[in-house]
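Here's the structure, in structure tokens; my notes come after.
The values are calculated or read from the model by the stated rules, or taken from the named source; none is laboratory data. Please read all numbers here as calculations on a predicted model, not as lab measurements. Every residue, glycine among them, receives a Cβ derived from its backbone with ideal geometry; neighbour counts consider all protein chains shown. Calculation scope for accessible area: heavy atoms of the full protein, side chains included, ligands and nucleic acids excluded. Shrake-Rupley method; radii C 1.70, N 1.55, O 1.52, S 1.80 Å.
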Amino acid sequence: MAKTLKLSLKKSLILEAVKADTYQSGQVDKAADSVKNASLAYNEQAGDEKYQERKLVRFLRSGLARFAAAMNEFVDTESGTLSYVLTDDSDDIEIRVVVSDRYNDGLAQPLSSFAEEYVSYTMDYMWWQSIKPALAKDYFSYAQDTLTQIRLCLAKTAPRAAAASYNDVTGQIIGGRVAAIRFPNDIYSATMGEVFDNPAVSTSPSGLELTFSSSNTSVATVNESTGKVTLVAPGTTTIRASYAGSDQYAPATGSYSLLVNPEPES
């Protein structure tokens, strides 16, 4: 299942933000030395307004394209697309992205604001690359920080019924509801030469796909898929059943200790 997430951006807000950043920097340089920095300030403030407008519109298109590329990881892989329309006669930019149905519109407004910030910082980065490369790096960092907030918003829009957690850096969902894996007892004992009856494992929810392992295969081995245990030698091992996790349930493990006794002397 997939759904369309709609983000609304304002072209005028993005362009004015970039103009303000260039103007302020130009003013600082001009104030420091109005004669020496006159040419630099003119370039920074884009004294030729027609040239500035054409350049900023080109940067705006590039910034939107970069945002689309950054959003690609959230697009539904089967039916997903991301589209936007940028026209000269409209101030509105609507971004439509087809995402997994676990996302909802609860954070559409902050996502739109963060998208505007990301595009404007990206435009600042492109503007300053040829004039002040060090300043361009700062704006590149600002854009990446904003992209992190976008990822967190998308992670936080997971279903409210799920106690979802997420990576604070990437925003990737780590798990949802808590899954449980249980064995009847914590400790079991077996004797070499006898058949060990595997304890029945229960899961919540039922039917989780489990992977079994033994911490000490020199004592006992376990079939990875079925959980059948084969005794190898006296000693102690831990048998674990693990669940890898999904969008709905967090990874989980259950285990028991197995003590393998020597075969009785005849």
Evaluate the following for Leu15: is it closer than 19 Å to Ile150 by Cβ, at pLDDT 65 or above and either surrounded by 13 or more Cβ atoms within 10 Å (Cβ to Cβ) or in contact with a Phe, Trp or Tyr (Cβ under 9 Å, 6 or more places away or on another chain) (or both)?
no
I need every pair where a residue in the stretch 116-137 that is free of Cβ contacts under 8 Å to residues at least 24 places away in the same chain and outside any helix (DSSP H, G or I) has its Cβ under 8 Å from the Cβ of a residue that is crowded, with 16+ Cβ neighbours inside 10 Å and hydrophobic (A, V, I, L, M, F, W, C), sequence separation at least 6 or different chains.
Gln129/Ala136
Within the stretch 82-96, the residues that are in contact with a Lys or Arg (Cβ under 8 Å, 6 or more places away or on another chain) and either over 13 Å from Leu64 (Cα atoms) or not small (Gly, Ala, Ser) (or both) are Leu82, Tyr84, Leu86, Ser90, Asp91, Asp92, Ile93, Glu94, Ile95, Arg96
Can you name every residue in the stretch 193-212 that is surrounded by fewer than 17 Cβ atoms within 10 Å (Cβ to Cβ) and hydroxyl-bearing (Ser, Thr, Tyr)?
Ser202, Ser204, Ser206, Thr211
Would you confirm whether or not the stretch 65-82 contains a residue that is open to solvent by 30 Å² or more (accessible area, probe 1.4 Å), modelled with pLDDT under 75, over 13 Å from Leu5 (Cα atoms) and among the basic types (Lys, Arg)?
no
Filter the stretch 214-263 down to the residues that are among the small types (Gly, Ala, Ser), assigned to a strand (DSSP E or B) and under 30 Å from the mean Cα position of the chain (by Cα) and list them by number.
Ala241, Ser242, Ala252, Gly254
Going through (1) modelled with pLDDT of 85 or more; (2) farther than 18 Å from Lys11 by Cα; (3) open to solvent by less than 80 Å² (accessible area, probe 1.4 Å) one by one, Gly106 fails only at (1)
